1. Sort out which residues of the range 173-212 are modelled with pLDDT of 90 or more, among the small types (Gly, Ala, Ser) and not in a strand (DSSP E or B), and write them in order of number.
2. If the requirement is being of a type outside the set (Val, Ile, Thr) and more than 30 Å from the chain's Cα centre (by Cα), which of these qualifies: Gly74, Gly79?
3. Working carefully through the options Ile305, Ile273, Ile297, find the one that is of a type in the set (A, V, I, L, M, F, W, C), farther than 28 Å from Gly136 by Cα, surrounded by 12 or more Cβ atoms within 10 Å (Cβ to Cβ) and modelled with pLDDT under 60.
4. Answer yes or no: is there a residue in the range 231-238 that is at pLDDT 85 or above and out of contact with any strand residue (DSSP E or B) (no Cβ under 9 Å at 6 or more places or on another chain).
5. Of the residues that make up the range 56-67, is at least one closer than 21 Å to Val33 by Cα, of a type in the set (Lys, Arg) and under 21 Å from the mean Cα position of the chain (by Cα)?
6. Please go through (1) assigned to a strand (DSSP E or B); (2) touching a residue at least 60 places away in the same chain (Cβ under 8 Å) for Arg217 and return the number of the only condition it doesn't satisfy.
7. If you check Trp106, Trp44, which single one turns out to be touching a helix residue (DSSP H, G or I) at 6+ places or on another chain (Cβ under 7 Å), of a type in the set (Phe, Trp, Tyr), surrounded by 14 or more Cβ atoms within 10 Å (Cβ to Cβ) and more than 21 Å from Leu153 (Cβ to Cβ)?
Amino acid sequence: MRRARCGLSDVEPFRTLTYRISRFSSKLTAAQVRAAFRQAWKLWAQAAPLKFHRQRRSDADIIISFNNKDHEDGSPFDGEGGILAHTFFPGPGIGGDVHFDDEEAWTTNTKGCNLLTVAVHEFRHALGLPHSSDPGAIMFPAYNFGLLTVLQLSFQEVKDIQEMYGMFMEVNYSKRKISLDRLPPKTPDKCDPMLSFDAVTGMQQEFVFFKDRSIWRVHPSFEQIGITLITSLWPDLPAHTDAAYENTYKNSMLVFKGEVNSLQVRHGYPRSISEFGFPSTVKSMDCWRFDEDAGQIMEGFPEPIAHEWPGVDSQVDAAVAHDGFIYFIVGPQQLEFNPKVRQVMKTVAANTWLQCREITGS
């Protein structure tokens with residue numbers, strides 16, 4: 001599948017910047033364009049000691065324009081789809097300038113090509129920073145419009161911009177300084193020996209492993225298992241899922257933070273779990289049995305996890321059933337439980353599902 005992507009490889013640094021919009025979009029109003037660009041610059045200005053000012057004079061550091069096909073810069077656009085925008089290396093002439101393909105379906109929402117998302121990406125090039133190999137970063141070469149719902153710089157992106165331009169405390173901008181401790185989590189490494197999961201569920205013939213804002217999809221036919229953002233499949237589904245399971249009769253997944261059907265969050269969700277029969281005092285999932293047909297909690301629950309599944313004594317992060325066994329994710333380990341004999345058969349690394357060799361076994 002041909003994915004929309006940025007048309008630049010790498011760029012070099014600048015410092016204090018002014019910008020001018022020389023040609024506006026034919027799809028959006030001038031006010032919408034100005035607002036999107038102002039928000040995009042603000043995101044970078046919050047991470048490093050930078051200020052950006054729009055000016056009308058032709059001597060601005062960065063000239064931004066919307067163009068069609070061959071616009072006499074040596075890098076013609078290809079029409080709708082494909083290359084959405086490109087930015088030139090900072091320097092004299094058109095150095096640092098940003099060009100958007102005016103034939104794209106530019107929008108200010110989650111439909112079409114969101115201008116804010118692309119502008120944040122391109123403006124980083126104008127600041128002198130290259131693409132990122134992190135699929136959870138704004139600077140990943142292929143645009144991920146699912147990021148729009150939580151448009152934030154990644155941990156590494158803030159480190160990169162601060163390494164180039166410094167931190168606020170260096171120039172007495174301490175009130176605007178971003179603490180790295182409050183950034184979105186680093187994109188997890190599937191072979192990290194300490195990796196655990198927020199939730200695991202079946203999805204037709206696949207398994208989906210949730211971690212922070214990312215997922216891995218596992219299927220026997222997949223030669224490689226890659227990470228992607230939750231929002232790349234379900235734009236309205238938030239990060240940090242508590243639990244999930246598949247309802248095969250309804251061909252849907254119930255994700256605690258939203259019900260998903262045909263890769264779309266169903267209308268009317270998210271809903272409080274009290275609507276499923278759980279007491280209103282319950283804020284998260286523990287050891288409960290729920291009868292979907294009757295729509296109520298089964299008698300005798302809740303009860304301690306170890307009473308229902310002997311040997312599972314620790315706090316469970318996630319669980320999934322497969323081939324007659326139940327796999328409990330407990331921190332970086334998974335317990336293989338056999339319900340027929342009611343005991344844990346073995347313990348292995350949680351990420352063995354992700355084509356990583358076993359780290360711990362018993």
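1. Across the range 173-212, the qualifying residue is only Ser196.
2. So the residue among Gly74, Gly79 that is of a type outside the set (Val, Ile, Thr) and more than 30 Å from the chain's Cα centre (by Cα) is Gly74.
3. Ile273
4. No.
5. no
6. Evaluating Arg217 over (1) assigned to a strand (DSSP E or B); (2) touching a residue at least 60 places away in the same chain (Cβ under 8 Å) leaves (2) as the failure.
7. Trp106
Condition check ((1) at pLDDT 90 or above; (2) within 17 Å of Val118 (Cβ to Cβ)) across all residues:
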| position | (1), (2) |
| --- | --- |
| Ser26 | yes, yes |
| Ala30 | yes, no |
| Val33 | yes, yes |
| Ala47 | no, no |
| His53 | yes, no |
| Lys69 | yes, no |
| Asp73 | no, no |
| Gly81 | no, yes |
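The values are calculated or read from the model by the stated rules, or taken from the named source; none is laboratory data. Fair warning: this is a prediction, and the values are worked out from it, not measured in the lab. As a convention, Cβ positions derive from the backbone with ideal geometry for all residues, glycine included, and neighbour counts pool all protein chains shown.
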